[in-house]
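J.: Mind having a look at this structure? Questions to follow.
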Amino acid sequence: MAHTRRKLAELDPVWAQIAQEAKAAIADEPLLGGLVHSSVLHHETFESALAYRISLKLTSNEMPEQILREICDKALASDPEIGLAARADIVAVNDRDPACDRFLLPLLFFKGFQAIQAYRIAHWLWTTGRRDLARFFQMRASEVFGVDIHPAARIGKGIMIDHAHSIVIGETAVVGDNVSMLHSVTLGGTGKEEEDRHPKIGNGVLIGAGAKVLGNIRVGNCSRIAAGSVVLQEVPPCKTVAGVPARIVGEAGCDQPSVKMDQLLGVRGTDDDSLDD
Ligand SMILES: CC(C)(COP(=O)(O)OP(=O)(O)OC[C@H]1O[C@@H](n2cnc3c(N)ncnc32)[C@H](O)[C@@H]1OP(=O)(O)O)[C@@H](O)C(=O)NCCC(=O)NCCS
């Protein structure tokens, strides 16, 4: 038993830790036993637990949980990058959110994390040509989590969306790795551009609460966008911008807290070379 646990911890440290934390959570609060059991301990793999959690959250009278579960299972089995990115998201939330002290919490309770995973399934559906089903996932994630991400948008790994009310990410937006955003962020169009009309956010960018980034503009790696800003022009790497319209107010530093975790999980970044500033 101890040998199996050690082996799991070596093969899949994130899932091993979640399982361990789940047992401790039940010991601490037996009333959560049913929820924690069905969401975590009942499953052999992280992917199975994730598929269960997403389908349970997105089900409605219109779509049985079983069908959603089968779609999620298929997506996670067909594209292992989805599960790896989800693990990176969990580690990112645990690293960066002071209110998170366990890997278990995003999976069980954090709608920002759950919304990104719903998007990841929708993106898989979109790229495999099942666009109406992708739109169904988009609609349900928007209704349930208040996070409206177009399934065609491209989003990297190690993403944290904290609080996650009222997030909008448009169709041609690109978000790099290790990006954090707070609630009420819009990555939208200006209404003046067609086709490729949404922002391209680099790696390691922090986007403060209520910030609106509009148009097909680049936000350079490791930059920061202050809360409430309206960003209408390109942001160079490693700068802080603030205000309406946003102006450079200082340097941002180049800290990427999730780099170590990238090596641990061996996950790939987005394929968008244009973000490699
Ligand atoms: C931008 C931010 C990261 C601070 O960066 P910083 O380098 O420490 O910046 P400073 O506080 O030194 O401010 C630099 C200048 O920008 C201004 N500024 C900072 N934040 C601003 C904002 N949100 N809107 C407008 N101006 C702002 C400051 O007033 C200061 O102006 P001054 O030089 O004329 O005095 C921080 O203000 C921010 O917005 N973080 C996001 C936090 C968030 O979303 N919280 C929600 C939690 S639920």
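J.: Show the residue pairs that are 6+ apart or on different chains and have beta-carbon atoms under 7 Å apart, the first residue being within region 170-186 and under 21 Å from F110 (Cα atoms) and in contact (Cβ under 8 Å) with a residue 60 or more places away in the chain, the second being outside any loop (DSSP other than H, G, I, E, B) and near the ligand (Cβ under 9 Å from one of its atoms).
T.: So the pair list comes out as S180/L206.
J.: Go through (1) more than 16 Å from the ligand (Cβ to nearest atom); (2) in contact with a strand residue (DSSP E or B) (Cβ under 6 Å, 6 or more places away or on another chain) for I71 and report which single condition fails.
T.: Among (1) more than 16 Å from the ligand (Cβ to nearest atom); (2) in contact with a strand residue (DSSP E or B) (Cβ under 6 Å, 6 or more places away or on another chain), I71 violates only (2).
J.: Of the residues that make up region 54-65, is at least one in contact with a Cys (Cβ under 6 Å, 6 or more places away or on another chain), within 23 Å of T127 (Cα to Cα) and surrounded by 17 or more Cβ atoms within 10 Å (Cβ to Cβ)?
T.: Checked against the condition, which is being in contact with a Cys (Cβ under 6 Å, 6 or more places away or on another chain), within 23 Å of T127 (Cα to Cα) and surrounded by 17 or more Cβ atoms within 10 Å (Cβ to Cβ), region 54-65 yields at least one hit.
J.: Consider G83 carefully, then state whether it is within 20 Å of V144 (Cβ to Cβ), outside the structural domain of A209 (by TED's automatic domain parsing) and in contact with an Asp or Glu (Cβ under 7 Å, 6 or more places away or on another chain).
T.: The answer is no for G83.
J.: How do the strands (runs of 3 or more DSSP E) wholly within region 135-250 filter down when requiring 3 or more residues that are more than 11 Å from the ligand (Cβ to nearest atom): which remain?
T.: Per the criteria, 147-149, 167-169, 186-188, 212-214.
J.: In addition: Right, G170: under 18 Å from T240 (Cβ atoms) and touching a Gly at 6+ places or on another chain (Cβ under 8 Å) or not?
T.: So G170 does not fit the description; no.
J.: Being closer than 24 Å to G188 by Cα and modelled with pLDDT under 95 is the filter here; which residues of region 241-277 pass it?
T.: Residues satisfying the conditions are A252, G269, T270, D271, D272, D273, S274, L275, D276, D277.
The values are calculated or read from the model by the stated rules, or taken from the named source; none is laboratory data. Computed from a predicted model, the values in this text were never measured in an experiment. Quick reminder, even Gly has a Cβ in these numbers, built from the backbone with ideal geometry, and neighbours come from all protein chains shown.
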